[in-house]
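In what follows, a single structure is set out as structure tokens and then discussed.
We did not get these values from a lab; they are worked out from the coordinates using the rules stated. Worth saying up front: this structure is predicted, and the values here are computed from it rather than measured. Ideal geometry is used to build each Cβ from the backbone, glycine not excepted, and the neighbour counts take in all protein chains shown.
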Amino acid sequence: MLVIEQHAPAGAPATEHLTLPFELRCKTRLRARLDSGEEVGLFLERGIILRAGDKLLGKDGRVVEVASAPEAVIEARANDPVLLAKAAYHLGNRHVPVQVATGLLRFGQDHVLGEMVRGLGLAITETEAPFEPESGAYGNHGGHAHPHGHSADGEGRGPRIHDMLIVGRR
């Protein structure tokens, strides 16, 4: 089994590929199979989300590129940016992972959420597609976690949103 414990250096050419759905790309301890069929064990820093294009370094020196597996999603489309913003707001208010693109919101298939978004005026389509949702304000960006000054366990130099006062409340 190929063991992976870290990201590969920038620019390293990939020799292997690992295709995973979003749910598994959120796990830092995972047993999976490379696209070649070889078994791999991931033991990565907690709190990261693997993104398509991320490169990982195997203990034997091989570089493994991560790919997003196609999965069951709903695509909600609208030409009106206000409608898209409203739908994104309502999905985010329910803590639903959402991929945002021009004229499009993509989220995991859920008939209740699909009907909610359709009710807001968006056209919806159920399909299979790679899913790369937004990482959120405190998620990882570009393959590393917490670039804004605090670690996954909350230690660090910057203020945390959980520690800030809400305007109008004491």
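In table form, for the structure just shown:
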| quantity | calculated |
| --- | --- |
| Neighbour-count order for Asp60, Asp80, Asp54, fewest beta carbons within 10 angstrom listed first | Asp60, Asp80, Asp54 |
| Label-point separation in nm, Asp80 to Ser36, each point 7 Å along Cα→Cβ | 5.3 |
| Beta bridges per DSSP with both ends in the stretch 1-85, % antiparallel, nearest 5 | 60 |
| Spin-label zone in the stretch 91-126 - amide nitrogen under 13 Å from a point set 7 Å from the Cα of Glu23 along the C-beta vector | 108-110 |
| Relative contact order (percent, whole number), the stretch 2-68, Cα cutoff 8 Å, 6+ residue spacing | 46 |
| Kirkwood hydrodynamic radius (C-alpha pairs) into Stokes-Einstein, the stretch 70-130, 4 °C and 1.567 mPa s, D in µm²/s | 117 |
| Loop-resident sites, the stretch 49-107, for trypsin sites (Lys or Arg not before Pro), counting at most 14 other Cβ within 10 Å (DSSP) | Lys59, Arg94 |
